[in-house]
1. Rounded to the nearest 0.05, what FRET efficiency do residue A:214 and residue A:300 give with R0 = 35 Å and r taken as the Cβ-Cβ distance? Could you check?
2. With labels modelled as points extended 7 Å from the Cα through the Cβ direction, what inter-label distance (nm, one decimal) is found for residue A:185 paired with residue B:141?
3. With r defined as the distance between the Cβ atoms of residue A:137 and residue A:106 and R0 fixed at 25 Å, what FRET efficiency is calculated, to the nearest 0.05?
4. Charges on Cβ only, +1 for Lys and Arg, -1 for Asp and Glu, centred on the Cα centroid of the stretch B:252-320; of B:281, B:267, B:257, which one is farthest towards the dipole's positive end?
5. State, to one decimal in nm, how far the label point of residue B:114 lies from the label point of residue B:234, with both points 7 Å from Cα in the Cβ direction.
6. In the stretch B:275-298, whose amide N lies under 18 Å from the spot 7 Å out along Cα-to-Cβ of residue A:274? List them in ranges.
7. With 10 angstrom as the radius, rank A:44, A:205, A:237, A:159 by how many other C-beta atoms surround their C-beta, starting from the fewest.
8. Using 7 Å Cα-to-Cβ label points, what is the residue B:46/residue A:204 separation (nm, one decimal)?
Amino acid sequence: MKVGIPKGLLYWKYGVFMEVFFAQLGCEVIVSRNTNKELLNLGVKQAVDETCVPIKIFHGHVASLKDQCDLLVIPRVMRMAEREYICPKFCGLPEMIKNSISDLPMITEEPIYAQNLDQLYKSMEVFGRKVTKDKRKIKEAFHKAWKAYEESFCGIYDVGYKMRVALLGHPYNVQDSFLNMNIVEKLHDLEVGVMTEEVVPRREVNAYANQLYKRLFWTFARHCYGSGMYFAKNQFVDGIIYLSAFACGIDSVVIELLKEGIGHFPLLVLKMDEQTGEGGLNTRIEAFIDMIERRKWYESNVSSSRECVHGS
Amino acid sequence: MYYLGIDVGSVSTDVVLLNEEMEVIEKIYLRTKGKPIQTIQEAFSLLKGRYKDEEIQAVGTTGSGRGMAGFLVGADAIKNEITAHAVAALELDHEVRTILEIGGQDSKIITLKDGIVTDFAMNTVCAAGTGSFLDRQAERLEIPIEQFGHYALQSQTPVRIAGRCAVFAESDMIHKQQLGYPPSDIIRGLSEALVRNYLNNVAKGKEIASKIFFQGGVAANIGIKTAFEKALGTEVIVPKYHDVMGSIGVAIIAKEAVEKRKGKTKFKGFTIAQSKFVSNSFECKDCANRCEIIQVLENGVEISCFGDRCGKWSEKVAVS
C-alpha cells in the first residue's frame, strides 16, 4: 500500500513518527516535496479563503499527493498534552480537506489523541488497521516509530556565532523555509546564529508558562511563551524573532503575553502570508540585527560618544 | 567634496547631496511611479553637469529599492530605512528620543536612547495608515495632497472615520460624504483616524518620549502633525528635511563606510543617466520554486539579476 504524507503543519515536528510507523507496516511511504510556489498556488486555489497560509499550504501538499497514494495521512490532532488544546483548525483538518479537494483516496480521518503514549497508541492502532490486521505488527511499528521520533531533533541549535536570536512560532512557520523566506539562511548570512524552542527543556517551558495569572491551555502557546521567556530571562540569545502567520488567533495572544513578559528584551514580530516579495522581511531583519548590535556595543562600553551612533 | 544619499521608496525617490559639514546642498524629490531605475536616472541627469563624478566621496542607498539602486550606482553602503532615519535624526539633534516615520507603504516608530536605536516597530500587513492611502483619498476627493493638511485645520467638528483598515476607512468616508459632511471635516477625521491607527497599532506599547521627530513624506501634512500633537499632548517636531531624512542618513553612513575602509568610493558616476536600462522579468522553470527573476540590461548587456532563491541567476553575472 502506498501511503502519502503531506509535508505541512505538524509534519515538521512529528513527520518522522508517521513515516517510520507506516514504513514498518510494510507500506511505501511517499512524502510530498518541500513547499514551493506551485504547491502554494495549488493550496490557495483549493482552500477556503479565510484560513491561515500554513493550512493553505497543507492543502497544496495534499493536492499534489492525492493521485500517488492509496491512503493519505490527514491527521486530526485533538490533543497533545493533558488538559491542553491545540488550534481548532487541526481538529477540523479532514473536513476542510474533504470539502475542498475532490477525488481523494482513503484518508486517516480518525482523531489522534497524543496526551500520553497509551492514548496515542489507541489512535495509531486505528490507522494501522487500515493497512494490516496483525495487531502485533502494529504495536511493533508504533514502538519503532516512537523511538525514531524520540531520537530525532527537528530544532536548531547554532553554536559559534557572536550573536544569536531565538526563532519562535508554530513549528511549521519556523521550519518551512519557503513560507518564512529562508529566514535561517538570511540570519546566517548576517552572521547570526539561530535557536528554536526545541532547545529549551520542557520543565523550563512549563515553569514559565505556569507563572502566568491563568492557565495557558493552548499547547503551542505554552511552548512559544515558555521558551521565549526562558531565552530572554537567561539571556540565552540576544533577541527573539517571532514568526506568525497572518490572522493566527493563538499568536495574537502569545505575542502580547510575551511582549509583557520579556519587557525591554529585543523582539521582532514578522507576519507571513502569501507574499513572495522579500523586501519587507529583509528590511525588518536587517534593522533588528543592527539594533541589537548597537545595543550590545552600547551596553559593553557605556558612553555617549557621538561615534557610537553611526557605522556602516 | 560631496556625499550622495539615495532613498528609493515605494512612492518617492529622494536624492540628497551633503557637503563636508553634512549640510544639504541638493535635494531632489521625485515620484518613483514604479520605475526606480528611470527615477534614479532622472535625478542623476539633474545633477550631472553641475557636479563632477570625482567630487562624490561616498554614495549610499536605502529604502525598499535599496538593493537594486545600490547596484546601479555603485553604493558604498546599502542600509535599511530604520537605521538611516535614526542616523539622520541624531545628526540633527542628539537628544531625539522618538521618531515617528510615515512613508508611502511603511509606517514605523523608532525609539532611541543615548544615541542608539533601542526599539522599533513597523506596520505589519496593512497600509491603512500610510502615505499611499492618503494619496489615494486626496485623488478621490480631487484635492491636491499638498493642501490636505490645511483642509483638516479648517475643520471645527471632526467626523469619526474608521482607521484600522483602508477598505473600511474608504467606505466610511464615502458614507459620510453622502450624508453631506464638508470635505474639511472628513479630512480631519481621516487624519485623526490615521494617527489613532498608528498609535494603537504600530506604536502600541512603545514608549513615546520627547523629543519627538516626525519624518517621512506624510510629515509635510500639517493636519497629521496637529493630530499627533493632540493625541500625544506634546510637541512634535517636523525637521526641515523631513521628507529626505532617509537619504541624509544613508549619505552619512556611506561617508563613514568609506572612511572606515580607508578606501575610495565605488560610485559609478552620473553617466548612468545616459545608459539605456531595460528590465525584463521571467519565471525560472528550473525547479518548482518558480522564482520570478528580474533581469537588468544596461545598453543591451545583462548587468544584474534579482529574485532567485538559489542564487543561480543573481550570482551568475560578473559584477564590475
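Taken together, the values in this text are just the output of simple stated rules run on the coordinates, not laboratory data. Remember, it's a predicted structure, so these values are computed and weren't measured experimentally. Reconstructed Cβ throughout: ideal geometry from the backbone, glycine too, with neighbour counts over all protein chains shown.
1. Numbers: r = 39 Å, r/R0 = 1.10.
Rounded to the nearest 0.05, the efficiency is 0.35.
2. Each label point lies 7 Å from its Cα, and together they span 4.7 nm.
3. 0.85
4. The residue sitting farthest along the positive end of the dipole is B:257.
5. 2.0 nm
6. B:289-292
7. Numbers: A:44 15, A:205 20, A:237 25, A:159 7.
In order of increasing Cβ crowding within 10 Å: A:159, A:44, A:205, A:237.
8. 5.5 nm
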